[in-house]
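Asks: The structure under discussion is supplied below as structure tokens; questions concerning it will follow.
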Amino acid sequence: MISTIFLIALGIAVFLLGLLFLTSSLKIISRHRVKTLIEKYTGNIYVSIFIGFILAIMMQSSSMITIVSVSMADAGLLNLYSAAGIIMGANIGTTIAVQLYAFDLYSAVPYLIFLGSIFRFQKQKTLKFIGNILLGFGIIFAGLKIIDIAVSPLRNFSAIKNFVAMTENPFYGIITGIIMALIMQSSTFCIAMLQVLANVKIMPVYNAIYIVYGLNIGTCSEALLMSIATNKEGKKIAIFNVLFNLIGTIVFLPLTHYYYKFLKFITPGNVSLQISNSHMFFNIVSTLLVIPIIKYLFYFIEIMFENGTK
């Protein structure tokens, strides 16, 4: 058991190291430049969604983009609708990386790390950039493989079986996802862990879908806490982010059985892809649902603030 815990901890450390390499190379623009980009190109909600999507792919952090949007709304540099669009686009953008983790690329790990290491120490910035990306992905997949090997024996532990069985209940599954997000502050890492657990037949995809709902809600915490120090506009955006994920969860929850069948139909036999798709489609559909009612959603938030100040 001690060796299993050590291997899991090692795998997580290696995964996070790879994520650090990847995000450090993808964060090619500073927070100041992000603000400039947002301020310059967010004309309407659809453009804002696209900008949020691109920024999330580049920075691999919807939380940071959400925090920037909250601070810009607080400073009056961004209107509520543009900020909401950026947040929705960022939520979709962060689902792209875990799509890659769903494929069996473990055999490519030595080549990714070898080429990445060579390119990383080149003087040319482009080669260094490519090297960091290759090295990041190589280390991430190495970490996932270590975790995969480490957690395999856990399927025989009754305590693990009982916990997994508990997450089949929507309430406990969503709470588990919220707690995971609060602790790790990274939906990418949490989704990757669910993929590994599903691959070794510990976590059923059906249960993982409930946890994904919770992860989406839990990742709102950072921006929500940051908004405490902002004015009313900043707080409105942070609350919008929470309501966006709550609406998505409320809509998806009664349809989870059919959603699971749909995921199995489009990606049969690949449980990792089913989990990453559950995350991606949740955010895409939630965005499509919220866009037509966004005006009423902000009206509702305004009423909340008026009642709160009375």
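Asks: Tally the residues that are open to solvent by less than 20 Å² (accessible area, probe 1.4 Å), assigned to a helix (DSSP H, G or I) and at pLDDT 80 or above, restricting the search to region 151-175.
Replies: Total meeting the criteria: 2.
Asks: Quick test for you: out of Ile140, Ile130, Ile118, pick the one residue that is surrounded by fewer than 20 Cβ atoms within 10 Å (Cβ to Cβ), modelled with pLDDT under 85 and β-branched (Val, Ile, Thr). Break it down stepwise before answering.
Replies: Numbers: Ile140 fails: surrounded by fewer than 20 Cβ atoms within 10 Å (Cβ to Cβ); Ile118 fails: modelled with pLDDT under 85.
Going through Ile140, Ile130, Ile118 in turn, just one is surrounded by fewer than 20 Cβ atoms within 10 Å (Cβ to Cβ), modelled with pLDDT under 85 and β-branched (Val, Ile, Thr): Ile130.
Asks: Another question, if that's okay. Among the residues of region 62-100, which ones are surrounded by fewer than 24 Cβ atoms within 10 Å (Cβ to Cβ), modelled with pLDDT under 75 and either within 23 Å of Ala192 (Cα to Cα) or touching a His at 6+ places or on another chain (Cβ under 6 Å) (or both)?
Replies: Across region 62-100, the qualifying residues are Ser63, Met64.
Let's see how each residue does on (1) closer than 30 Å to Asn156 by Cα; (2) modelled with pLDDT under 70:
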| residue | (1), (2) |
| --- | --- |
| Ile2 | yes, no |
| Ile12 | yes, no |
| Gly18 | yes, no |
| Ser25 | no, yes |
| Arg31 | no, yes |
| Tyr46 | no, no |
| Ile54 | no, no |
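Residues are listed down the side, and each one gets a yes or a no for (1) touching a residue at least 60 places away in the same chain (Cβ under 8 Å); (2) not hydroxyl-bearing (Ser, Thr, Tyr):
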residue: Asn199; (1), (2): yes, yes
residue: Asn207; (1), (2): no, yes
residue: Ile217; (1), (2): no, yes
residue: Glu222; (1), (2): yes, yes
residue: Gly248; (1), (2): no, yes
residue: Val271; (1), (2): yes, yes
residue: His279; (1), (2): yes, yes
residue: Ser286; (1), (2): yes, no
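Asks: All but one of (1) open to solvent by less than 10 Å² (accessible area, probe 1.4 Å); (2) within 30 Å of Ile147 (Cα to Cα); (3) in contact (Cβ under 8 Å) with a residue 40 or more places away in the chain hold for Gln185; state the number of the condition that does not hold.
Replies: (1)
The values are calculated or read from the model by the stated rules, or taken from the named source; none is laboratory data. It should be emphasised that the depicted structure is a prediction, and the values quoted were computed from it without experimental measurement. All Cβ positions, even for glycine, are placed from backbone atoms using ideal geometry, and neighbour counts span all protein chains on display. What goes into the accessible areas is simple: the full protein's heavy atoms, side chains included, and nothing from ligands, DNA or RNA. Shrake-Rupley method; radii C 1.70, N 1.55, O 1.52, S 1.80 Å.
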